[in-house]
1. Show the residue pairs that are 6+ apart or on different chains and have beta-carbon atoms under 7 Å apart, the first residue being within the range A:322-349 and within 17 Å of residue A:428 (Cβ to Cβ), the second being of a type in the set (D, E, K, R) and open to solvent by 10 Å² or more (accessible area, probe 1.4 Å).
2. Failed condition for residue B:501, given (1) assigned to a helix (DSSP H, G or I); (2) within 13 Å of chain A (Cβ to nearest Cβ); (3) polar (S, T, N, Q), with all others met?
3. Go through the range A:600-622 and give me each residue that's within 7 Å of chain B (Cβ to nearest Cβ) and within 19 Å of residue B:294 (Cα to Cα).
4. Go through the range A:321-362 and give me each residue that's within 19 Å of residue A:451 (Cβ to Cβ), out of contact with any Pro (no Cβ under 8 Å at 6 or more places or on another chain) and open to solvent by 10 Å² or more (accessible area, probe 1.4 Å).
5. I'd like to verify a number: residues in the range A:408-441 that are free of Cβ contacts under 8 Å to residues at least 40 places away in the same chain and of a type in the set (A, V, I, L, M, F, W, C), how many?
6. Tell me, yes or no, whether the range A:95-108 has at least one residue that is facing another protein chain (nearest Cβ under 10 Å) and either among the polar types (S, T, N, Q) or touching a strand residue (DSSP E or B) at 6+ places or on another chain (Cβ under 9 Å) (or both).
7. For residue A:432, all conditions in the list (1) within 30 Å of residue A:376 (Cα to Cα); (2) open to solvent by 10 Å² or more (accessible area, probe 1.4 Å) hold save one; what is the number of the exception?
8. Starting from residues that are open to solvent by less than 30 Å² (accessible area, probe 1.4 Å) and free of Cβ contacts under 8 Å to residues at least 24 places away in the same chain, keep the ones in the range B:138-181 and report whichever is farthest from the other protein chains (Cβ to nearest Cβ).
Amino acid sequence: MFSFAPTIVLFPLLGFLFLGLFGARLRNEKLIGILGSGTVGLSFLVAVALFIHMLGLEPDQRKGIVELFSWIGTFTGTASSVNVSVAYQVDQLSILMTLVVTGVGFLIHVYSIGYMHGDPGFWRFFTYLNLFIFAMLNLVLADNFLLMFLGWEGVGLCSYLLIGFWYDRKFDVGGYAPGKAWTNDAAKKAFIVNRIGDFGFLLAMFLIVVQFESLSFDAVFGRVSVMTPGSDVMIWITLLLFLGATGKSAQIPLFVWLPDAMAGPTPVSALIHAATMVTAGVYMVARCSILFALAPATLQVVAVIGALTAIMAATIGLVQNDIKKVLAYSTVSQLGYMFLAMGVAAFTAGIFHVVTHAFFKALLFLGSGAVIHGMHDEQDIQKMGGLKKYLPVTYKTFLIGAIAIAGIPPFAGFFSKDEILWKAFSSDQGSVLLWAIAAAGAGVTAFYMFRLVILTFEGKERFDHHHAHPHEAPKTMTVPLIVLAFLSVVGGFIGVPESLMGGNALEHWLEPIFAPAMTTLRATPHHGGITEYLLMALSVGIAVAGIYGARTVYMKRQELADAWRSKYRRTYQVLWNKYYVDEAYDTLFVRSTVKASETVLWRGLDVSVIDWLVNASAQGVAWLSSKVRLIQTGFAQRYATIFVGGIVLVLFWLMFK
Amino acid sequence: MLTEYILTITIFLPLLGGLALLLVDKGSVTTIKMVGFGATALTFVVSLYLYFAFDTTAAGFQFQHKVVWIENLAISYSVGIDGMSLLLILLTTFLTPLALLGTWNSITHRIKEYMVMMLLLEVGMIGVFAALDLFLFYVFWEAMLIPMYFIIGIWGGQERVYAAIKFFLFTLFGSLLMLVAILALAYSASTIPGGQFTTDLYVLYGVGPRLALNVQSWMFLAFALSFAIKVPLFPLHTWLPDAHVQAPTAGSVILAGVLLKMGTYGLIRFCLPLFPDAAFVFTPTMSSLAVIGIIYGALVAMVQTDMKKLVAYSSVSHLGFVVLGTFAMTEEGIQGAIIQMVNHGLSTGALFLIVGMVYDRAHTRAIADFGGVAKIMPVFATFFMIVTLSSIGLPGLNGFVGEFMILVGSFKSAFLGSSAYSIIATSGVILAAVYMLWMYQRVMLGPMRPDRLYGGHALTDLTRREIATLVPLVVFIVWIGVYPGTFLKTSAGMAKQVVQTMESARQGGQARFVELKNR
């Protein structure tokens, strides 16, 4: 059964190749849409079949590796030389991610048929989407670091292509003056910032090769037992891997690309920049949990970065007015929670949040897409309001998504977020401070989400009725919304903790994956009894308070918002300008590098020094020969004089030496 | 019978084409083009025989053909190939017809002379990669210089004469020193008991390593200088941007695609095995220059305003990787260096063709003159994108395979002794994305020019001929990226041998050192 695994990857590849080669000639949106979605749907079906098959197996049998062919290697037959295969590994973790990627991916493909209707690049869009799914599945199913890296950079490429999909449109990108940037600036920024992370990933792989003489997960993880916990090399490997993760999953310091990635069509934001690709970093850390377990210092870094990103991005989300930017910062923030989970060794909780987040954030993005679609490309929530009358399905599903992310039980987000908060408090790697930051972030999350809901759907209609005629989206768009809303409601039940009489099916399912890491960390499950219930109640209370706060400020007493804005002008400015991180990077790294390369290296060193020396030496030879040739005058008398003079000199030298 | 002559046939087949051209009237342009293209295409087909008949399991050189040339000096016409030379010969015979096809209508005057020059150039290039006699190598090396000089000087751009002379003098300066070193090495063969003056590479492989370190060092420097200019290694690279910008498109394709590899080929073929002890001494220098070149080339490429110049500087960066892999002297490093030579030939060759296709239409190469071209030329945009991605080393395409192997190889190399080279070089992958994507963005993306005119001309998408030129390149770009085994297997034996030679030389050197100390 496991031997079918490569077909999961194959279908989207075929879809990509077919659409890429013939898509332009098809000129039939329906056919292109069916082909594009169908390949992903097929992958999903194979994944489901495989999953059911695995359910029937003993836990230690739930793993299969299919090796296809030798990819990169020296081919010299030397055992210590690099040799990497294209091989896929299906286990509890990768099948779970595959189900999410293909399942949510399929829904978003279907949604795109409606959303992209009439776009001249319709076929191109589906080509890229299929390529994305192909790359993402390589990332998830790879049995070694290098193939994972192929997927890793592949999804980055698709992200690049899709952010800049409408490459002739303007888009405000951080670090550029307002009105001066294009969507393709955002695309390029995403690719390059990701490459900085990839630099870390590459170096980590080199270290792994040197240390373990292999890049396959099985071999590396099997050989780690010889490593001393906390050794320098383990800390370096994990820190560098985490640098890669901060790029792909938009954490401090490399988060700046994700908010700008909203330049892409909204289904892209939902699929790539919310549900799947950006969680790749979390997945990678989970996959390498044993390595991180051997580097407790790195775990601390991961937890702190995660917590800080969570609160920082959430506060920025408080003041943004672009519906997609709010969601983007929300994604950055939620990814922070996932890394916090990884850092406190709550690997299952982190993956749990990846899954539930995929449901509710995809839902929220697709909902925002329906709004934008219905409002004729308007994205400013200050120019919306009262839309629930016009877009009832979108409103209801969006509300469900908002409740889920805010963490109200029994919606999906509650269980996963609460699990993270509890572990941040109780695990050996956790602390009260980490919990407090995360809990505060949860309150802010509830607040900004309901600010978004209220400003968009409730209250007075602030849009111009002459320009905008809000209307509900077509069926291809609303059906995926309903399915995702359903999943956002019930998705949490896969991981109901034992303290709430749940079986925590997810934890049991993933246990074999994380067991080595947990053993290494000597982690013991903490069942805090009364403390756990108290904290749970507290986090629900915080969420409710956040929602209530948003309702008060934006529905009941709207003057408050303006009053606060003028009272805390400085703070507001800092948040509105996203802590000036883009500006700082731009000045420190981008402009200075370009300027120095141009003036110092090129015009300075290359042209004025090196090439000058080259030309000067040539001119020197020319000058010298122009002087020396004067000796050759053609007058025999002068030659004879010099000749005689020479003889005299030689004679003198011979006589008096 | 055939195995003995097949290599000689491959080398001189283009020359036959050149001779045939002499019979063609210079007015019949199409016939001239067809004969020229036909000769290079036939050469490619013949060279494919080499690939299929090549035995990857056998050690040493194959298809050897040796004829005594100057008996007293033991100089002979001796050719033969191993995995590395085979791949580079195939690259040459593959790129030459494509370069001609891709620039079918670009050259309008003195077309017959142009075609003859291209054919002579190919003879020289194949010869360089096949020569097993240093004197013969030198003859081919210089012979190839002349047609290239004319191609730049006659069919080049505005500053063609300056660029051609600069190219010529730079290269000649290096190669004359190499000639001195060749003669010195050949002479030193006679100082060994029972030896005689010879330029036979086989014999010299045994002679070079036995020379004293200071003698080795001088000879290494003379060879390496010649090769470093060709590569070009920082700071000897300033001929390259001028030569590339001024050369006609086909010239640039061949220059970047094949000629630069002669430098790195020479380093692996001659500098390492002939003078191993000196190579160890100069490894830090050469690797440092390579790493500087990687970063420096990328940063300078980033701020270029002319597309061709940008690609030219990117070559300085890419070839830096090859030199780094060479001096890593690990299996990964050498294998990576060899495959990266092929990769660079394909990607940069394709990039020059692409720039040439734009130039043929707009008659400008200034990046600022473009924008939004993807809307007008979608097919072209796709090819350009794939080649750009190949150049920035995206996994799944060819560039990544070479870069990764070189970086791993240099990271773990005991010869380099420090991972710092590899770490700094790795940061080059970030810069590569910056300069290539920035160029792509400014040329292809964004809004179209208001009048849709570029350089005063309307653009049209690629013709079938142009597509036919780019498709084979893209096929191999993907092939090497997905299944590099086809090519890595070919050079595996050779790479292993180089590494073994260097490792035993190092141990031998250490043993000698210990012996001296104990005395």
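The values are calculated or read from the model by the stated rules, or taken from the named source; none is laboratory data. As the structure is a computational prediction, the values presented were derived from the model and not from experiment. In this analysis, Cβ positions are derived from the backbone assuming ideal geometry, glycine residues included, and neighbour counts consider all displayed protein chains. Just so you know, the surface numbers come from the protein's heavy atoms only, side chains and all, with ligands and any DNA or RNA stripped out. Shrake-Rupley method; radii C 1.70, N 1.55, O 1.52, S 1.80 Å.
1. Sorted first by the residue in the range A:322-349, then by its partner, the pairs are A:341/A:423; A:344/A:423; A:346/A:419; A:346/A:423; A:348/A:507; A:349/A:419; A:349/A:423.
2. All conditions pass for residue B:501, except number (2).
3. A:601, A:602, A:606, A:610, A:611
4. Filtering the range A:321-362 for residues within 19 Å of residue A:451 (Cβ to Cβ) gives A:321-334, A:360-361.
The next check asks that each one be out of contact with any Pro (no Cβ under 8 Å at 6 or more places or on another chain); those that pass are A:321-324, A:326-327, A:330-331, A:333-334, A:360-361.
Result: A:321, A:322.
5. Filtering the range A:408-441 for residues free of Cβ contacts under 8 Å to residues at least 40 places away in the same chain gives A:431-433, A:436.
From what is left, the residues that are of a type in the set (A, V, I, L, M, F, W, C) are A:432-433, A:436.
Residues in the range A:408-441 being free of Cβ contacts under 8 Å to residues at least 40 places away in the same chain and of a type in the set (A, V, I, L, M, F, W, C): 3 in total.
6. Just the residues of the range A:95-108 that are facing another protein chain (nearest Cβ under 10 Å), to begin with: none.
There is no residue in the range A:95-108 that is facing another protein chain (nearest Cβ under 10 Å) and either among the polar types (S, T, N, Q) or touching a strand residue (DSSP E or B) at 6+ places or on another chain (Cβ under 9 Å) (or both).
7. Every listed condition holds for residue A:432 apart from (1).
8. B:140
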